[in-house]
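K.L.:
Mind having a look at this structure? Questions to follow.
Each value in this text was obtained by applying a stated rule to the coordinates, not by laboratory testing. Computed from a prediction, not measured in an experiment: that's the story for all the values here. Every residue, glycine among them, receives a Cβ derived from its backbone with ideal geometry; neighbour counts consider all protein chains shown.
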């Protein structure tokens, strides 16, 4: 089984987060006054009130985009698609230690651990680049793997042996 590397996962993340962020910006722009904050900030960058309002909105957009992405990951990774659209487009999927689709509970653990990986200056995500099985902290704790779909034929009932699986699978 071939594990998906750090940079491939970064590209998948960008494919997922850019539309989510644009949607959140649009909602804040049209419904919550972000447009006024942007105009006031760029009209006079020395205006402290305008600067504070702009940065407050910017922080809200960042935080809301992150939490929307987490919810999106939670549902997509426990779905039959086994990953986000970014992962799907790049030929990856998220599996448990037996090579199966994540349960909602396992996807929830993985998603909550992403928050910790993020809070510690992204160290939990950078960990992917330095481990043999390309696992971030969220993968280690949830006992999940991100694999390249072109590296296997079918699912675990097709002769694939996954870590922690003591069952010998039949070969095709």
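K.L.:
Per 0.36 nm of contour for each residue apart, how much would the distance between residue 43 and residue 22 grow if the chain were fully extended, relative to their Cα-Cα spacing?
P.N.:
Value of the extension gain: 5.3 nm.
K.L.:
Of 11, 119, 141, which has the largest mean-square fluctuation in a 10 Å C-alpha GNM of the chain?
P.N.:
Checking each option, the largest mean-square fluctuation is seen for 119.
K.L.:
Hey, what angle do you get for helix 48-77 against the long axis of the chain, alpha-carbon based, 0 to 90 degrees rounded to 10?
P.N.:
20
K.L.:
For residue 98 and residue 15, FRET efficiency with R0 = 25 Å and r from the beta-carbon atoms, rounded to 0.05?
P.N.:
0.35
K.L.:
If you fit an axis through the alpha-carbon atoms of helix 6-31 and take the longest principal axis of the Cα set of the chain, what angle between them do you get, 0 to 90°, nearest 10?
P.N.:
Around 40 degrees separate the two axes.
K.L.:
Using 7 Å Cα-to-Cβ label points, what is the residue 105/residue 79 separation (nm, one decimal)?
P.N.:
Distance between label points: 2.3 nm.
K.L.:
Rounded, prolate or oblate, given the Cα gyration tensor of segment 1-64, with a/c below 1.5 counting as rounded?
P.N.:
Prolate.
K.L.:
Return one number: the angle in degrees, 0 to 90 and rounded to the nearest 10, between the long axis of the Cα atoms of helix 104-119 and the longest principal axis of the Cα atoms of the chain.
P.N.:
It works out to around 50 degrees.
K.L.:
Any idea what diffusion coefficient the chain gets from Stokes-Einstein, in µm²/s, Kirkwood Rh on alpha carbon pairs, 4 °C, 1.567 mPa s?
P.N.:
Rounded to a whole number, D works out at 73 µm²/s.
K.L.:
Pairs of Cα atoms under 8 Å, at least six residues apart: use those to get the relative contact order of segment 32-117, whole percent.
P.N.:
20
K.L.:
Moving to a separate point now. Contact order normalised by length for the chain, with contacts defined as Cα pairs under 8 Å and 6 or more residues apart; what percent is it?
P.N.:
Contact order relative to length: 25 percent.
K.L.:
Suppose only helical runs count, i.e. DSSP H with n ≥ 4. What mean residue ellipticity at 222 nm does that imply for the chain under -39500 (n - 2.57) per run, divided by all residues and rounded to the nearest 500 deg cm²/dmol?
P.N.:
The per-residue figure over the chain is -18000 deg cm²/dmol.
K.L.:
Quick one: check the C-alpha center-to-center distance for segment 7-52 versus segment 118-132, whole angstrom.
P.N.:
Centre-to-centre (Cα) distance: 26 Å.
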